[in-house]
1. I need the per residue convex hull volume for the stretch 4-73, using only the alpha carbons, in cubic angstrom as a whole number.
2. Short version: ³J(HN,Hα) in whole Hz for each residue of the stretch 28-43, in order, from phi by Karplus 6.51 cos²θ - 1.76 cosθ + 1.60 (θ = phi - 60°), x for Gly and Pro, what are they?
3. Taking 0.36 nm per residue of sequence separation and subtracting the Cα-Cα distance, how much length would be gained by fully extending the chain between VAL9 and LEU66, in nm to one decimal?
4. Can you give the charge dipole size of the stretch 7-70 about its Cα centre, rounded to the nearest 20 debye, using +1 on the beta carbon of Lys and Arg and -1 on the beta carbon of Asp and Glu?
5. Local charge sum around ALA61 (other residues, Cβ-Cβ under 14 Å, Lys/Arg +1, Asp/Glu -1)?
6. Near LYS21, within a Cβ-to-Cβ distance under 15 Å, what is the net charge of the other residues, with Lys and Arg +1 and Asp and Glu -1?
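Coordinate-derived values only; no laboratory data. Not measured: the values here are computed from a predicted model. Here the Cβ is made from the backbone with ideal geometry for all residues, glycine too, and neighbour counts use every protein chain on show.
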Amino acid sequence: MNEIVPHKVIENKIFMIRGQKIMLDSDLAILYGVKTNILNKAVTRNIDRFPGDFMFRLSKAESANLKFHFGTSSRGGFHSDY
């Protein structure tokens, strides 16, 4: 990926959950130009390279709240403005 992503695009993909700024794995995957499952496998295989608080799973309520605020695509995933 040779394009520079505008700061505003990235800022719009950062959410506050549990008092922490987070990005969804699906948004990170888009930024890196890979599929979400490939990104997650890479992190899992190299977990010792990441800080302990690098990732966590959203609760059903947190996930539902994000879906409510931002909508879902016809495939059931989060809608993206990229």
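1. It comes to 122 Å³ per residue, whole-number rounded.
2. 4, 4, 4, 4, 8, x, 10, 6, 4, 5, 5, 4, 5, 5, 4, 5
3. So the extension gain works out to 18.8 nm.
4. Numbers: 11 positive and 6 negative charges, 28 e Å.
That gives a dipole near 140 debye.
5. Values: positive: ARG18, ARG57, LYS60, LYS67; negative: GLU62.
Within the 14 Å Cβ shell, the charges total +3.
6. Overall, the nearby charge balance is -3.
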